[in-house]
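Below is one structure, written out as structure tokens, with a few remarks after it.
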There are 2 protein chains.
Amino acid sequence: MEMAYGPDQPVMRPLFAQIEERLVERLTAGEWKPGMALPSEVEFAEYYNVSPGTVRKAIARMADNQLVVRFRGKGTFVASQTTERERSRFFHMYRDDGAKELPESRPVSCRNRLADREEAARLVLALGAEVTVIERLRVIGGAPRAFETIIIAERMFPGLREQVGRQLPNELYPFYETQFGIRVVRAEEKLKAVRASAREAEVLAVADGAPLLEIDRLAMTYGDVPVEWRCTRCDTAAHFYRSELR
Amino acid sequence: MEMAYGPDQPVMRPLFAQIEERLVERLTAGEWKPGMALPSEVEFAEYYNVSPGTVRKAIARMADNQLVVRFRGKGTFVASQTTERERSRFFHMYRDDGAKELPESRPVSCRNRLADREEAARLVLALGAEVTVIERLRVIGGAPRAFETIIIAERMFPGLREQVGRQLPNELYPFYETQFGIRVVRAEEKLKAVRASAREAEVLAVADGAPLLEIDRLAMTYGDVPVEWRCTRCDTAAHFYRSELR
DNA sequence: GAGTGGTCTAGACCACTGT
DNA sequence: CAGTGGTCTAGACCACTCT
């Protein structure tokens, strides 16, 4: 382990930050799969030859970033999108009465094609790389409420189109995780108010040109590597998007 | 200080959490004003008769919640809305090119009246309490981009209307802080896509019925006490609302 | 009972700021 | 220089889980 301090060492990154970095690397490399237990604090402390408190701080930060989950008496586990709590983590729409209801999905189309310039830029792909494009309708309480377009790199999710065809699960992130070992850890969204296109108006049963909330999301895995570009256009007549500012 | 552990004590809130609670209480009571330095860790540790590490953890959490700011070698200071970094903390609109540009404000109206039922509920006021209602236009890059309605309790901001008339500053939160000693620490926003009213279309220079992004914000001070209800309706033709999901 | 994470203590040294 | 916060160590005890 690199020295934390000392006149000969120009690098002065705190020890706990170095430990955290190494652990995230090992997580990224897939050394521990989602849901699995990590070695204990004392094991890490011995392995890296540092004090348990230092390891503790590193893992605490990973827990803050929701990369791992800790349980007293049980251990530290790699966070998994498949837990109930995590399923709604990236879903911010609420009914006007304040209730959160996860939507069902009705597939519209799924096809592969070459990435255009914007897609390649957003997903950091070579120009002309193959992408899988999914269109689907999101249904809340029986009514179609949003039209969603999802773009992912074929290379990152090989054979997804052939594998699932029109049988996509409601939530994609647990699916990405279990089928392709890719875990979404963070996302950035850009919101705008837009006019519904004729096609959107029809499938969402709103007036032509009705206002829709457009949510443009880029989802990232470990190390801020982009995984999925998703554009959702929502009817907000009976729902709202909740944002908390701290 | 209450014991942290022990068979006779059913309460087992961690010591650091109790310390944090007391410090926030003292902050709320106005013992230290925004920008002021707090006593040092060791002083608190002696005062509360706990280890410095425990005080440290309590203050670290307050720093995470952005109630205080810490500077190595200088001290710990009450966070202030008047710093450059804090001014844009609750402003989430960006130009399409990604730049963040704080808006100017053009006052439209400012008057006092009695709170209706919804206003009283949102701001936790007695029905019929007096509120101050401000309407203003927010201007970015010379063009009007949003129409904003702000509702605050007159009792919390006594004489605000008479005091400032039509001379409101661009940013209200620093003004609340310096003039009334009220610091906004957190906010909750509900977003929807709506149609511009005839009046909004006129002042924002958009087509009648054009889609606008409605941001309905409730701003809170210490202890989640609501301070301000604000509804902003934005033209998102050249701007977007940015949200980060972790 | 052994093993886990969570809290608390006490002390050391470091980096940085002011005087 | 003394005083501040930031890091690291070492050890103690606690609450909880599993065997």
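Within the option set A:E189, A:E148, being within 23 Å of A:D116 (Cα to Cα), modelled with pLDDT of 95 or more and surrounded by fewer than 21 Cβ atoms within 10 Å (Cβ to Cβ) holds for one residue only, A:E148.
Taken over the range A:64-95, the criterion of being assigned to a loop (DSSP other than H, G, I, E, B), away from chain B (no Cβ under 11 Å) and more than 30 Å from A:A238 (Cα to Cα) is satisfied by A:R72, A:G73, A:K74, A:A79, A:S80.
Could you please let me know if A:S40 is more than 28 Å from A:I182 (Cβ to Cβ), within 11 Å of DNA strand C (Cβ to nearest atom) and either modelled with pLDDT of 95 or more or aromatic (F, W, Y) (or both)? When the stated conditions are applied, A:S40 does not pass them. If only residues of the range A:47-74 that are touching a Pro at 6+ places or on another chain (Cβ under 9 Å) and not β-branched (V, I, T) are counted, the one that is farthest from A:F16 (Cα to Cα) is A:Y47. Of the residues that make up the range B:71-86, is at least one touching a Ser or Thr at 6+ places or on another chain (Cβ under 8 Å), away from DNA strand D (no atom under 14 Å from the Cβ) and closer than 20 Å to B:A219 by Cα? Looking for residues that are touching a Ser or Thr at 6+ places or on another chain (Cβ under 8 Å), away from DNA strand D (no atom under 14 Å from the Cβ) and closer than 20 Å to B:A219 by Cα, one finds at least one in the range B:71-86, hence yes.
Kindly indicate whether A:Y5 is more than 14 Å from chain B (Cβ to nearest Cβ), modelled with pLDDT of 95 or more and near DNA strand D (Cβ under 10 Å from one of its atoms). The answer is no for A:Y5.
Tell me, yes or no, whether the range A:45-58 has at least one residue that is in the same structural domain as A:E200 (by TED's automatic domain parsing) and on the phi > 0 side of the Ramachandran plot. No: zero hits.
Quick one: in the range A:32-63, which of the residues that are open to solvent by 90 Å² or more (accessible area, probe 1.4 Å) and assigned to a loop (DSSP other than H, G, I, E, B) is farthest from DNA strand D (Cβ to nearest atom)? Checking each candidate, the answer is A:K33.
For the range A:118-133, filtering for residues that are over 13 Å from A:F157 (Cβ atoms), touching a residue at least 12 places away in the same chain (Cβ under 8 Å) and open to solvent by 70 Å² or more (accessible area, probe 1.4 Å) leaves 2. Of the residues A:V55, A:V108, the single one that is under 30 Å from A:P14 (Cβ atoms) and either more than 11 Å from DNA strand C (Cβ to nearest atom) or at pLDDT 95 or above (or both) is A:V55.
Of the strands (runs of 3 or more DSSP E) lying entirely inside the range A:175-246, those containing at least 3 residues that are more than 7 Å from chain B (Cβ to nearest Cβ) span A:211-221, A:225-234. Look at the range B:30-58: where a residue is polar (S, T, N, Q) and a partner is part of a helix (DSSP H, G or I), sitting 6+ places away or on another chain with Cβ atoms under 7 Å, you get B:S51/B:A45; B:T54/B:L15; B:T54/B:F16; B:T54/B:I19.
Residues in the range A:96-148 that are assigned to a loop (DSSP other than H, G, I, E, B) and of a type in the set (G, A, S): A:G98, A:A99, A:A115, A:A126, A:G128, A:A129, A:G141, A:G142. Residue check: is A:L114 away from DNA strand D (no atom under 16 Å from the Cβ) and open to solvent by 80 Å² or more (accessible area, probe 1.4 Å)? Yes, satisfied.
The values are calculated or read from the model by the stated rules, or taken from the named source; none is laboratory data. Everything numeric here is computed off the predicted structure, so don't read it as measured data. Cβ coordinates were reconstructed from backbone atoms using ideal geometry, including for glycine residues, and neighbour counts include every protein chain displayed. SASA here: full protein model, heavy atoms, side chains in, ligands and nucleic acids out. Shrake-Rupley method; radii C 1.70, N 1.55, O 1.52, S 1.80 Å.
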